[in-house]
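Since the structure comes first, as structure tokens, the remarks are kept for the end.
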Amino acid sequence: QATEGPCSSPKPGMLDFVKKAKWDAWNSLGNLSQDNARQKYTELVSSLVSAESAGQEKDASPEESRHDGYETILVTTKNNITKIMFNRPDRKNAINHKMYREIMKALEEAGKDDSAIAVITGNGDYYSSGNDLTNFTNIQTGEMEKMAKDGAVLLKEFVGHFIDFPKPLIAVVNGPAIGVCVTLLALCDIVYASDRATFHSPFSQLGQSPEGCSSYLFPKIMGLAKASELLLFNKKLTAAEACAQGLVTEVFPDRTFQKEVWARLEAYASFPKNSLAVSKQLLRSVEKEKLHAVNSKECEVLEERWLSDECVNAIVSFFQKKSKL
């Protein structure tokens, strides 16, 4: 219309869908003058460019929504990603009982929200120093059995939330990881680590035993000999060693860690979310029953360990050594 004026070409056949659609659109303009057609075309192009620019600006900086009701963790959603961040940096993100319960609540919410993936990471220099050992202090002699029983129930439920989590779960290990936060990595779907991260599970040193399904998954991932070094003899792994043994997916230089990892995660989160969830569940469903059985057994053994003189003495010794530093 803008270049040739009103429609003057013959109407295409019914089966020539593309040409017919173009002809119908041209013919619908009737006797609109060429000058008016050019003006309307210019206005249309300008409006489309403005809309695209506004859309790009909106996409470039979507708002991060923060979830309320948490004290020991920060939970936010942005770019189809729900991020659960350990937030006790003054305690090296050690997990106390309240934090256990808040992480479970966050996983429950993330499993049901509109995000495509969930990410666990730490605030500050540490990913997490594992169990807050003050969980074991200030307990009267008559309360030991109740403490052990309640602790085993809490741990079993906590690990169960990781086993049952329905979406891809990615660990972003920003610094040293210790204890339960190491063993849980095997229940995550991907583990990205900074090159300054380390991985240490000092169970034997503290008179305890493995949890987080690590007694089953670690030998499966890295072989029995390497798993024994880590779980029995408390070997501390560098990020590179953990990656070579299959516990970590990929290691990044610390200076570019956050930028590289989050760019990649945002790309993953743009995939169709239902496809991601269904595929994750297929990958995990075969062993889910086995993992719950392992979790139950590990917690049963730990309850016994916590009541043993050996464990109590080891923890007392740990605090004595720490007070002398």
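The values are calculated or read from the model by the stated rules, or taken from the named source; none is laboratory data. If you're wondering where the values come from, they're calculated on a predicted model, not measured in any experiment. Because the Cβ atoms are built from the backbone with ideal geometry, glycine has one as well, and the counts that use them run over all protein chains shown. Note: areas computed on protein heavy atoms with side chains; ligands, DNA, RNA excluded. Shrake-Rupley method; radii C 1.70, N 1.55, O 1.52, S 1.80 Å.
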#### Entry: Under 13 Å, Cβ to Cβ, from residue 286 - net charge with Lys/Arg +1 and Asp/Glu -1
+3
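What's the extension gain from residue 64 to residue 309 if we count 0.36 nm per residue and subtract their Cα-Cα distance?
On the way: separation 245, 0.36 × 245 = 88.20 nm, distance 4.86 nm.
Extending this stretch completely gives an extra 83.3 nm.
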### Task
Work out the length of the dipole vector of region 107-239 about its Cα centre, built from +1 on the beta-carbon of each Lys and Arg and -1 on the beta-carbon of each Asp and Glu, and round it to the nearest 20 debye.
520
## Note on the structure
Candidates 242, 118, 21; GNM for the chain (alpha-carbon contacts under 10 Å) flags as most fluctuating 21
### Summary
With the 1.4 Å probe rolled over protein heavy atoms, the chain has an accessible area per residue in Å² of 55
### Query
What is the distance, in nm, between label points placed 7 Å from the Cα along the Cα-to-Cβ direction at residue 71 and at residue 287?
3.7
### Summary
Mean-square fluctuation maximum in Gaussian network of the chain, Cα pairs under 10 Å, restricted to 34, 245, 208, hits 34
## Note on the structure
Given unit charges at Cβ for Lys, Arg (+) and Asp, Glu (-), the dipole magnitude of the chain about its Cα centre in debye, nearest 20, is 420
### Query
What are the residues whose amide H is under 5 Å from the amide H of residue 196, where those residues sit 5 or more places off or on another chain and H is modelled from the backbone?
254
### Task
Pop out the carbon and sulfur fraction of the accessible area of the chain as a percent, whole number, probe 1.4 Å.
54
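Report for the chain the percent antiparallel among DSSP-assigned beta bridges with both residues inside it, nearest 5.
Details: 10 of 31 bridges.
Antiparallel bridges: around 30 percent, rounded to the nearest 5.
Tell me the mean residue ellipticity at 222 nm calculated for the chain from its helices only (DSSP H runs of n ≥ 4, each -39500 (n - 2.57), averaged over every residue, nearest 500). List each step's numbers first, then the result.
Numbers: 11 runs with 164 residues, N = 325.
My calculation for the chain gives -16500 deg cm²/dmol from helical runs alone.
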### Query
Of 91, 38, 255, which is the most mobile in a GNM of the chain whose springs link Cα atoms less than 10 angstrom apart?
38
### Query
With the contact rule set at Cα under 8 Å and sequence spacing of 6 or more, what percent relative contact order holds for the chain?
15
